[in-house]
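Any read-out appearing in this document is the output of simple, stated calculations on the displayed coordinates, not a laboratory observation. The structure presented is a predicted model; accordingly, all values stated were derived computationally and were not measured. Cβ placement follows ideal geometry from the backbone for every residue including glycine, while neighbour counts extend to all protein chains displayed.
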Amino acid sequence: MGRMMEFARLDGGRTKGFLAEAGGDRPGVVVIQEWWGLNDQIRGVADRFARAGYNALAPDLYEGRVTQEPDEANHMMSGLDFPGATHQDLRGAAQHLQGAGNGRVAVMGYCMGGALTIASAVHVPECDVAVCFYGIPPREFADASTIAVPFQGHFANDDDWCTPEAVDALEADLKAGGVEHELYRYDAEHAFCNEVSDAYHVASARESWSRMADFLADKL
């Protein structure tokens with residue numbers, strides 16, 4: 001089981017996060033929360049990575065706030081400083097894992113965290129691999145064609161936020177930039193990997209985790 005801790009931001013500040021450790025010589029994974037906050041489900045993802053042999057750190061981007069109400073979650077996500085979260089919190093988390101392990105770091109996340117995963121792949125130089133689950137940032141903030149690390153994406157065909165058309169545009173950007181990538185689509189709804197969500201789809205969740213595990217083992 002992991003534990004809460006603090007790590008340094010680039011600006012000298014501190015951010016809290018949930019750290020699940022596998023060992024000092026292991027690669028790291030930054031786990032980025034959904035719009036609900038750093039809840040038990042996301043902590044469970046970090047613990048799962050630790051059991052798989054990775055040091056995992058999930059930054060608390062909402063500073064302790066967690067909700068189960070969509071309206072409140074949307075309010076908190078809308079109030080998040082996405083550039084600050086990317087350049088300060090997520091880069092700080094990557095640097096912490098880089099120094100604590102073998103120097104190799106992946107970034108992954110779901111929903112809002114998926115969008116921030118793409119932003120990290122663009123803006124965080126410590127990111128060696130990126131795995132995104134059903135999240136796409138505005139192109140003006142993070143142009144996926146400029147990603148310079150191996151990228152894997154997992155998206156739902158029944159999704160009114162990351163629509164199939166939005167995924168098509170992301171795929172076009174990846175191809176235009178010559179980005180090394182794998183992109184998978186599932187006959188499921190948004191949040192199909194979240195086991196406490198009504199949208200949870202067992203087959204898609206298992207297949208996407210297996211594909212991610214193979215990808216990280218190969219690239220990280």
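Binning at 10 angstrom from zero up to the longest distance, how are the C-alpha pair distances of the range 3-219 distributed in percent?
All Cα pairs, binned at 10 Å, distribute as 9, 38, 40, 13, 0 percent.
Round to a whole angstrom and tell me the spacing of the C-alpha centers of the range 156-190 and the range 29-96.
22 Å
Can you check what the net charge comes to around ARG91, using other residues whose Cβ is under 11 Å from the Cβ of ARG91 (Lys, Arg +1; Asp, Glu -1)?
Taking every other residue near ARG91 into account, the sum is -2.
Let me check the size of the range 1-84 from its C-alpha atoms; what are the radius of gyration and Dmax in Å?
Just the Cα atoms of the range 1-84 yield Rg and Dmax of 13.2, 42 Å.
Net charge near ALA130, counting Lys/Arg +1 and Asp/Glu -1 over other residues with Cβ under 12 Å of its Cβ?
Net charge around ALA130: -3.
Rank by packing, highest mean first: peptides 210-216, 144-150, with packing defined as the count of other Cβ atoms within 10 Å averaged across residues.
Details: 210-216: 16.3, 144-150: 18.3.
The packing order, highest mean first, is 144-150, 210-216.
What Kirkwood radius, in Å to one decimal, follows from the Cα pairs of the range 45-109?
It works out to 13.3 Å.
For the range 92-220, report the convex hull volume of the alpha-carbon atoms normalised per residue, in Å³, without decimals.
101 Å³
Which peptide among 164-174, 23-33, 113-123 comes first, and what is the full order, when sorted by highest mean count of other Cβ atoms within 10 Å?
In descending order of packing, they fall as 113-123, 23-33, 164-174.
Taking 0.36 nm per residue of sequence separation and subtracting the Cα-Cα distance, how much length would be gained by fully extending the chain between ALA8 and ASN157, in nm to one decimal?
Result: 49.8 nm gained on full extension.
Report the relative contact order of the chain, percent, no decimals, based on alpha-carbon pairs under 8 angstrom and at least 6 residues apart.
16 percent
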